[in-house]
1. Is it fair to say residue 70 is of a type in the set (Val, Ile, Thr), closer than 24 Å to residue 190 by Cβ and part of a helix (DSSP H, G or I)?
2. So, residue 182, is that one touching a helix residue (DSSP H, G or I) at 6+ places or on another chain (Cβ under 9 Å), over 23 Å from residue 124 (Cα atoms) and either open to solvent by 80 Å² or more (accessible area, probe 1.4 Å) or without any contact (Cβ under 8 Å) to a residue 24 or more places away in the chain (or both) or not?
3. Tell me yes or no: at least one residue of the range 101-121 is in contact (Cβ under 8 Å) with a residue 60 or more places away in the chain and within 25 Å of residue 86 (Cα to Cα).
4. Could you count how many residues in the range 92-125 are at pLDDT below 90 and within 20 Å of residue 55 (Cβ to Cβ)?
5. In the range 158-179, how many residues are open to solvent by less than 20 Å² (accessible area, probe 1.4 Å) and more than 14 Å from the chain's Cα centre (by Cα)?
6. Hey, could you check the range 43-64 for residues that are open to solvent by 50 Å² or more (accessible area, probe 1.4 Å) and not in a helix (DSSP H, G or I) and say which is farthest from residue 175 (Cα to Cα)?
7. Within the range 112-122, is even one residue in contact with a helix residue (DSSP H, G or I) (Cβ under 6 Å, 6 or more places away or on another chain) and open to solvent by less than 30 Å² (accessible area, probe 1.4 Å)?
8. Do we have any residue at all in the range 166-177 that's touching a strand residue (DSSP E or B) at 6+ places or on another chain (Cβ under 6 Å), modelled with pLDDT of 95 or more, of a type in the set (S, T, N, Q) and at negative phi?
Amino acid sequence: MTETPPAKDEDARRHAEKKAKIKAARDRMMATKTGEKGLVVVLTGPGKGKSSSAFGMVMRAIAHGMPVAVVQFIKGAMAAGERDFLLTHFPDMCRFHTMGEGFTWETQDLARDRAAARAGWDKAKEMIRDPSNRLVLLDEINIALRYDYLEVAEVVDFLRDEKPAMTHVILTGRNAKPELIALADLVTEMTVVKHPFRDGIKAQPGIEF
């Protein structure tokens, strides 16, 4: 029978002691985290992954039996794998509303863009007010706010004053307004390190849509 060298025994002991201290500190910290509330989540920044992250939370909520709603601003009738997947497999758990008419450089019509944003916001308020929805995703609403299709004060006031206490709301899109960031409970900014588009690679199914 091969004996464990003393040096390895000592390394294992030190490792166990170190991890035990970390666990004890972690347990003390977690014991103080008892609050629960519906969160306002902002996913912004120039990097890819804002909507992808948001739809990950949508899937997670559904897995926990939490009804969800999605309101898409800006994006129009273009292909979207997440929309097809949710409507095909979870129509009873996810209400999906695509309210945009496409990217602003495609529509080239300010009045139409503003009208679409307003219709999207009206639908968003309806979905957020509905107590049966535990999570509501407002996909690309930050773009509508960036171009002043909607008033940021109106959005902030509604989320602060009318959002049900236990409803989570996720707002995506680059260039989130400072007022929205100040209101939010959780803000993540996606940064760009590398992106294949810069190398001439087009948007591909399963990655971008």
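1. No.
2. no
3. no
4. 4
5. Total meeting the criteria: 2.
6. 64
7. yes
8. Within the range 166-177, one or more residues are touching a strand residue (DSSP E or B) at 6+ places or on another chain (Cβ under 6 Å), modelled with pLDDT of 95 or more, of a type in the set (S, T, N, Q) and at negative phi.
The values are calculated or read from the model by the stated rules, or taken from the named source; none is laboratory data. Fair warning: this is a prediction, and the values are worked out from it, not measured in the lab. Backbone-built Cβ (ideal geometry, glycine too); neighbour counts: all protein chains shown. Only protein heavy atoms, including side chains, enter the accessible area calculation; ligands, DNA and RNA are left aside. Shrake-Rupley method; radii C 1.70, N 1.55, O 1.52, S 1.80 Å.
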